[in-house]
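S.K.: Below you will find the structure I want to go over with you.
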Amino acid sequence: MTLSPSPTISARTAGVRGSAIRDLLTLTARPDVISLAGGLPAADLLPRERIAAAAARALTDPAAVQYGETAGLARLREVVAAHETERGTGGARGPVLPGDVVVTSGSQQALDLLARAVLDPGDAVVVEDPGYVGALQVFQAAGAVVVPVGLDADGMRVDELADLLAGGLRPRLVHTVSSFHNPRGVTLAAERRRALAELADRHGFLVVEDDPYGLLAFDGATPAPVAAHGERVVRLGSASKVLAPALRVGWLVGPGEVTAAVELLRQGADLCGSTLTQSIAADLLGDRDWFAGHLATLRREGAARAAAFTTAVAELLPDAVGSDPTGGMFCWLEFPEGTDTTAALPRALDAGVGFVPGSAFAVGTPLPAAARCCFASHPPEVLHEAVRRLATALAVPSGRGRST
Ligand SMILES: Cc1ncc(COP(=O)(O)O)c(C=O)c1O
């Protein structure tokens, strides 16, 4: 979906590219389609009983259904601050404090409020290419000039960014999905994290470390956050992938000037978040033993699903080159040159499988032969069937496609 400029709609809004993924969710919701398209956490692993128990507990207090503070429920800010401290977010600066945290309606709202707080129309924002569509939309809506930087197996090409800066580029923000990238699945290497934070200090931009997947490392190990290495980093976290998206609980941790501006804009956006779902999130994230056990299950199942998916790809799609996921939710597939995954999508849906074509994430470099597949949403046997259907839709006709 994209809107046409009109006397009613602002030019800025008309410039926003619709999310192909959000549009696709309607098609892939058909019961006959196995969807690898959305980044949907596994339905069978959502902790519904634990959420119900926390809701019942919260509802014994009328405050649970009252308006709350704009910056978030005090108990949740405490829990998030402790949790971020444990992950190393404070670095040498010391622990993250509840006052450093603003709770938002998912980390998507944090991105939106941050962009509005920091950007003036025409400001340059560096994004990864391919990039997270939700961030691209927010930066377009803010009127920013989006500048792509490539990715490789170690995440953002920080050397490319350094070259652009040396050439005179002065971005206000640099956005990175530092762990288990959406859509590429890669993780920013430790030395690049340090280098990125140093560049931010030297050139005066803010890094947006967008990290909803960092806790989903299959082996439990992710490098220390970019935020551990410098003060000019705003970290975004989310309960969506580790608890449940419907809680709509995310958070932003950053310098006082930024959190104050975000809180101010949130007053105008929605006054405050849901006190009820924040109480539930505080209960679950604050129950350390339960949360550790739940994360262990998500990691174990994620690893099993990723393995089932990549094994099926190797067996049934031998022409495709797939990434080797070590965490998160996504596998990135590259088909032989000449494949057009956008054109193949209707065939795939007819065959009963959905994915997101690479072009949906492209910023500067077109990615016609790539696809993002979410392996997390389905159990191994369903993933095998999904890949079988993909193979039907994307079969390379003989004589075409293989690059020489
Ligand atoms: C990189 C990234 N950031 C932010 C979000 C937004 O998540 P939420 O608003 O549910 O926290 C997503 C969702 O998929 C994402 O992939």
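The values are calculated or read from the model by the stated rules, or taken from the named source; none is laboratory data. If you're wondering where the values come from, they're calculated on a predicted model, not measured in any experiment. Cβ sites come from the backbone with ideal geometry, for glycine too, and all protein chains shown count toward neighbours.
S.K.: Filter the stretch 95-117 for residues that are closer than 20 Å to GLY214 by Cβ and more than 16 Å from the ligand (Cβ to nearest atom); which is surrounded by the fewest Cβ atoms within 10 Å (Cβ to Cβ)?
M.R.: It comes out as PRO95.
S.K.: Of the residues ALA269, ALA261, ALA308, ALA296, which is crowded, with 19+ Cβ neighbours inside 10 Å and either part of a helix (DSSP H, G or I) or among the acidic types (Asp, Glu) (or both)?
M.R.: One residue alone meets the criteria, ALA308.
S.K.: Kindly provide the set of residues from the stretch 118-136 that are in a helix (DSSP H, G or I) and either farther than 25 Å from ALA260 by Cβ or away from the ligand (no atom under 16 Å from the Cβ) (or both), ordered by number.
M.R.: VAL118, VAL133, LEU136
S.K.: I need the full set of residues from the stretch 86-117 which are within 17 Å of GLY237 (Cβ to Cβ), free of Cβ contacts under 8 Å to residues at least 24 places away in the same chain and assigned to a loop (DSSP other than H, G, I, E, B), in order please.
M.R.: PRO95, LEU97 - these are the residues of the stretch 86-117 that are within 17 Å of GLY237 (Cβ to Cβ), free of Cβ contacts under 8 Å to residues at least 24 places away in the same chain and assigned to a loop (DSSP other than H, G, I, E, B).
S.K.: Looking at this structure, is ALA386 under 27 Å from VAL16 (Cα atoms), modelled with pLDDT of 95 or more, in the same structural domain as ARG22 (by TED's automatic domain parsing) and surrounded by 18 or more Cβ atoms within 10 Å (Cβ to Cβ)?
M.R.: For ALA386, the condition - under 27 Å from VAL16 (Cα atoms), modelled with pLDDT of 95 or more, in the same structural domain as ARG22 (by TED's automatic domain parsing) and surrounded by 18 or more Cβ atoms within 10 Å (Cβ to Cβ) - is not met.
S.K.: Right, something else. When you check ALA314 against the structure, is it aliphatic (A, V, I, L, M) and free of Cβ contacts under 8 Å to residues at least 24 places away in the same chain, yes or no?
M.R.: Considered against the rule, which asks whether it is aliphatic (A, V, I, L, M) and free of Cβ contacts under 8 Å to residues at least 24 places away in the same chain, ALA314 comes out as yes.
S.K.: Turning to a different aspect of this structure: Given the residues THR365, THR392, THR326, which is the only one that is among the hydroxyl-bearing types (Ser, Thr, Tyr), modelled with pLDDT under 95 and under 30 Å from SER178 (Cβ atoms)?
M.R.: Every option except THR365 fails the conditions.
S.K.: While we're looking at this one, here's another question. Quick check, is GLY185 surrounded by fewer than 24 Cβ atoms within 10 Å (Cβ to Cβ), in the same structural domain as VAL125 (by TED's automatic domain parsing), part of a loop (DSSP other than H, G, I, E, B) and on the phi > 0 side of the Ramachandran plot?
M.R.: So GLY185 does not fit the description; no.
S.K.: Can you tell me which residue within the stretch 85-94, out of those that are more than 16 Å from GLY256 (Cα to Cα) and not hydroxyl-bearing (Ser, Thr, Tyr), is nearest to the ligand (Cβ to nearest atom)?
M.R.: Top of the filtered list is ARG87.
S.K.: Right, here's the next one. So, in the stretch 29-82, exactly how many residues are in a helix (DSSP H, G or I) and within 15 Å of the ligand (Cβ to nearest atom)?
M.R.: 2
S.K.: While we're looking at this one, here's another question. I'm trying to understand the selection: among the residues of the stretch 1-51, which are polar (S, T, N, Q) and surrounded by fewer than 18 Cβ atoms within 10 Å (Cβ to Cβ)?
M.R.: Correct list: THR2, SER4, SER6, THR8, SER10, THR13, SER19, THR26.
S.K.: Is it the case that ALA55 is farther than 30 Å from GLY256 by Cβ and not assigned by TED's automatic domain parsing to the domain that holds GLY204?
M.R.: no
S.K.: Counting only residues that are within 14 Å of HIS83 (Cβ to Cβ) and in a strand (DSSP E or B), which one in the stretch 223-245 is nearest to the ligand (Cβ to nearest atom)?
M.R.: Among them, the one singled out is SER238.
S.K.: Based on what the data block shows, is VAL234 modelled with pLDDT of 95 or more and under 22 Å from SER359 (Cβ atoms)?
M.R.: Taking the combined requirement at face value, the residue does not satisfy it.
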